[in-house]
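Asks: Take a look at the following structure, please.
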Amino acid sequence: MNDGSHNASAHDFVVAIDFGGTKIAVATADMTGSMLKQARLDTNASHGAQQVLERTTVTAYALIEQTMAEVGGKSVAVGVATPGVVHDNGVLLSPNIPGWERVSLRETMRTSLHIPTVVVENDVKAAAMAEVLWGALKGADPAVFLSLGTGIAAALVIGGRVVTGAHGASGEIGYNLRSVLDYSGAAHGRAPLEEAIGGRFIGERGSLLLGESLSAADVFAHSDTRARFLVDETLAELATHVANLAILIDPARIAVGGGLMSSGDVILRALAFRLEYAVPFPPEIVPARFLNDASLHGAIALALTGSVHASTLAEKKRN
């Protein structure tokens, strides 16, 4: 496929893979980040990690072949976005795919696809990278990307780089304690803030409250006063944590993405209100550019930064 030794061609491209809890997205993109081809498949997570990897590799291989046939060039790097905390020998804190904690994603992709440059990162951090390169966080320093979906997480951007943290777990605000009464946390497999205000929770609590099966989006759109109250209460708590984060790092801008942004106006209004009076220098708060496929665009960003890094190293070797 690619031994890494050819000269760069104008038609070279990168491969992006976004592993989600229910869907996997695979794409090829040119060296400016524009998508060329894409495909989607169901994760079927309950069947385990091995089949996820095998089916994804087959799909990626087919896309690479199609892209080479149509545009020429070679695949020079792979970017992979996944939920969880990425370590060399496994992905931690990603319970949705059984066995993921024992998978070395970087090594597996390198060997399966025969592409030497593989960059793997947490999906929210990857999405933040796309916002830095092409989206709502371009030129903002420091900045925060806030992802509100089934779960919640943030990514901190300082000097144009996403901060990974000592263990790859920076920005995992779902583990924030809600009060001094929280005596169980990460050590007990609990994520107190996420369990209170993540999208899954909003749907569950709304369903109980109104006696019908509701998603978080349904609760946000519901006309019942009880649903409105639940949304207001949830957003007030979220806004408190975001305000504290802003006080800590003094960001220039916060971009908000994730599935809950289908109710973006309500969310941004609640956050702006709290930031305005609580933070000494309130940051600008904006919707993320990539509200759909954020992590896939993030995986493209990872692959492109990886390919630039690889070619810089190769250049140094030659000189």
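The values are calculated or read from the model by the stated rules, or taken from the named source; none is laboratory data. Owing to the predicted nature of the structure, the values given are computational and were not obtained by experimental measurement. Because the Cβ atoms are built from the backbone with ideal geometry, glycine has one as well, and the counts that use them run over all protein chains shown.
Asks: Given the criteria free of Cβ contacts under 8 Å to residues at least 40 places away in the same chain and under 17 Å from the mean Cα position of the chain (by Cα), does GLY199 qualify?
Replies: No, not satisfied.
Asks: In this structure, does ALA255 turn out to be among the aliphatic types (A, V, I, L, M) and either over 24 Å from ASN122 (Cβ atoms) or assigned to a helix (DSSP H, G or I) (or both)?
Replies: No: the conditions fail for ALA255.
Asks: If I filter region 76-98 for residues that are under 17 Å from ALA299 (Cα atoms), over 18 Å from the mean Cα position of the chain (by Cα) and of a type outside the set (D, E, K, R), do I get at least one hit?
Replies: Within region 76-98, one or more residues are under 17 Å from ALA299 (Cα atoms), over 18 Å from the mean Cα position of the chain (by Cα) and of a type outside the set (D, E, K, R).
Asks: Is it the case that THR225 is in the same structural domain as ALA143 (by TED's automatic domain parsing), more than 27 Å from LEU93 (Cα to Cα), β-branched (Val, Ile, Thr) and without any contact (Cβ under 8 Å) to a residue 60 or more places away in the chain?
Replies: yes
Asks: Please state which one of GLY84, GLY72, GLY79 is modelled with pLDDT of 95 or more and either among the small types (Gly, Ala, Ser) or under 29 Å from GLY165 (Cα atoms) (or both).
Replies: So the residue among GLY84, GLY72, GLY79 that is modelled with pLDDT of 95 or more and either among the small types (Gly, Ala, Ser) or under 29 Å from GLY165 (Cα atoms) (or both) is GLY79.
Asks: Moving on to the next point. Go through PRO287, PRO251 for me and flag whichever is modelled with pLDDT of 95 or more, of a type outside the set (A, V, I, L, M) and closer than 13 Å to LEU148 by Cβ.
Replies: Values: PRO251 fails: closer than 13 Å to LEU148 by Cβ.
Checking each option against the conditions leaves just PRO287.
Asks: Continuing with this model, one more query. Here is a check on your reading of the model: is VAL256 closer than 20 Å to GLY160 by Cβ, at pLDDT 95 or above, crowded, with 16+ Cβ neighbours inside 10 Å and β-branched (Val, Ile, Thr)?
Replies: Yes; evaluated as a whole, the condition is true for this residue.
Asks: For region 30-37, does any single residue satisfy the condition of being surrounded by 13 or more Cβ atoms within 10 Å (Cβ to Cβ), of a type in the set (Lys, Arg) and within 22 Å of SER104 (Cβ to Cβ)?
Replies: No, region 30-37 contains no residue that is surrounded by 13 or more Cβ atoms within 10 Å (Cβ to Cβ), of a type in the set (Lys, Arg) and within 22 Å of SER104 (Cβ to Cβ).
Asks: Could you check region 212-242 and list, in sequence order, the residues that are small (Gly, Ala, Ser) and buried (at least 19 other Cβ atoms within 10 Å of the Cβ)?
Replies: Residues of region 212-242 that are small (Gly, Ala, Ser), as a first pass: 213, 215-217, 221, 223, 227, 236, 239.
Once the filter is applied, which keeps residues that are small (Gly, Ala, Ser) and buried (at least 19 other Cβ atoms within 10 Å of the Cβ), region 212-242 yields ALA216, ALA227, ALA239.
Asks: Does region 51-62 contain at least one residue that is touching a strand residue (DSSP E or B) at 6+ places or on another chain (Cβ under 7 Å), exposed (fewer than 13 other Cβ atoms within 10 Å of the Cβ) and under 20 Å from ALA294 (Cβ atoms)?
Replies: no
Asks: Now a separate question. Tell me, yes or no, whether region 13-20 has at least one residue that is acidic (Asp, Glu), without any contact (Cβ under 8 Å) to a residue 12 or more places away in the chain and not assigned by TED's automatic domain parsing to the domain that holds ALA166.
Replies: No, there is no match, as no residue in region 13-20 is acidic (Asp, Glu), without any contact (Cβ under 8 Å) to a residue 12 or more places away in the chain and not assigned by TED's automatic domain parsing to the domain that holds ALA166.
Asks: Which one of the conditions (1) within 14 Å of ALA128 (Cα to Cα); (2) crowded, with 20+ Cβ neighbours inside 10 Å does GLY159 fail to meet, given that it meets all the rest?
Replies: (2)
Asks: Next question. Would you say ILE254 is touching a strand residue (DSSP E or B) at 6+ places or on another chain (Cβ under 6 Å) and of a type in the set (Val, Ile, Thr)?
Replies: yes
Asks: Applying the selection to region 259-283, what residues are within 18 Å of ALA236 (Cα to Cα) and outside any helix (DSSP H, G or I)?
Replies: Matches in region 259-283: VAL279, PRO282, PRO283.
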